[in-house]
Amino acid sequence: MELRQLRIDNLRLFDHVEFEPATGWNLFLGANGAGKTSVLEAAFLLSHGRSFRTSLRDALVRRGATGYSVFGELAGAGDTPVRRVGLARSGGGLDARLEGEPVTAGELMRHAAVLCFEPGSHELISGPSEERRRFLDWGVFHVEHDFLSIWRRYQRALKQRNALLRAEPSPSALDAWDHELAQAAMPLVDMRRRYFGLLAPLMTELLSGLLRELGVARLRFEAGFDAESSFEDVLAVQRGRDLARGHTSSGPHRADWSVSFERAPRREHLSRGQEKLCAFAAVMAQARLFERISGAWPILCLDDLASEVDADHQARIVASVAASTAQVLVTGTQEPEAVARLDKAVTRFHVEQGHVTRLL
């Protein structure tokens, strides 16, 4: 997959900017606060419908504006036609467009695949389980055609059951929603488990090169409940506790995955830099799996590569990415030495206060 054109309006510092990224490596250089990360953020929005920097939607809108928009031209693998995709937010609504026609955000995101490794990526390892579920579900979404409808069915049933738990329901009413929740839960668990089974070996291979000093890596998927039992039975056993708490305490909405090592069996044993390297392994494994299944690499973003990653590991990260044929977007206040040593063409851009200029 390749981003042929990117246009940004009223996003953070940008009033209006448009440019054409090159095939291969693109390096965005500029001072802190110049808007380099916002370029990557714009591309990421087309793929995820959200920022990797903040959950506050209003924080993305340029001061004085009422909304933002991002437009891109995306080329897929082989003879796949170029797709024109766009995403805009005005007021409380999100407007997604494919070839100029309105579509759901989910439909738009099937045509855009962007993965990002950035200074906050350590949260994928050390942060709340929601981050790891979101990461996992993005991959499942691009593999399992029915994932989104099943996920939505589960979320609707969960919302209804939680509302009942707070309203002193009759046992028969809860029985009905327990059954519906269980019916939606099992396909969701199966999809996540299948995907994680494909992802884990790729991630383990990457970790063996990035953190070899920690010994063998072990990855574990957790369904969010005792998957050896019927989920409907689990809900029945936990009903009293759920009624007392007013919410459903077990289920796929509590799913998680973890990584541990022979010499670092607990997550707390990892330094911030090691957490970031684990996160890179996860992102790169997901990119490799996407290419293996779809035949096209996702666009890869490396934001502020030098942040808490030493020169040796920067070189390993760049070498891993360079072994792919992905289009790469990199930011930095100065050119990372590992990028400067690449035997590939690197197109450089200067970013300064809302302007992006291609350098000769």
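Read-outs: derived from the displayed coordinates by stated rules, not from any lab. In this text, all values refer to a predicted model and were calculated from it rather than measured experimentally. Methodologically, a virtual Cβ is constructed for each residue, glycine included, from the backbone with ideal geometry; neighbour enumeration extends over all protein chains shown.
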Dividing the alpha-carbon radius of gyration of the chain by 2.2 N^0.38 Å, where N counts its residues, gives 1.05
As I understand it, the value is the acute angle between the Cα axis of helix 129-141 and the longest principal axis of the Cα atoms of the chain; what does it come to in degrees, rounded to 10?
80 degrees
Whichever lysines have a C-alpha closer than 28 Å to that of residue 36, once near sequence neighbours (fewer than 8 apart) are set aside
276, 344
Relative contact order for the stretch 117-294: what is it in percent, counting Cα pairs under 8 Å that are at least 6 residues apart?
35 percent
Output ³J(HN,Hα) for the stretch 315-320: one whole-Hz value per residue in order, computed from phi by the Karplus curve 6.51 cos²θ - 1.76 cosθ + 1.60 with θ = phi - 60°, and x for Gly and Pro.
4, 5, 5, 4, 5, 5
The set of cysteines in the chain having no other cysteine's C-beta under 4.7 Å reads 278
Rounded to 5, the percent of DSSP beta bridges in the chain classed as antiparallel:
70 percent
Report the net charge of residues surrounding residue 14, where surrounding means a beta-carbon distance below 13 angstrom and charges are Lys +1, Arg +1, Asp -1, Glu -1.
0
Quick query: amide H of residue 4 versus all other amide H atoms, modeled in the peptide plane; which residues come in under 5 Å with a sequence gap of 5 or more or a different chain?
73, 74, 75
Say each of residue 347 and residue 101 gets a label point 7 Å from the Cα, pointing the same way as Cα to Cβ; how far apart are those two points in nm?
2.9 nm
About the Cα centre, charge dipole magnitude for the chain (Lys/Arg +1, Asp/Glu -1 at Cβ), debye
320 debye
Comparing 267, 12, 166 in a Gaussian network model of the chain (Cα, 10 Å), the one with the largest mean-square fluctuation is 166
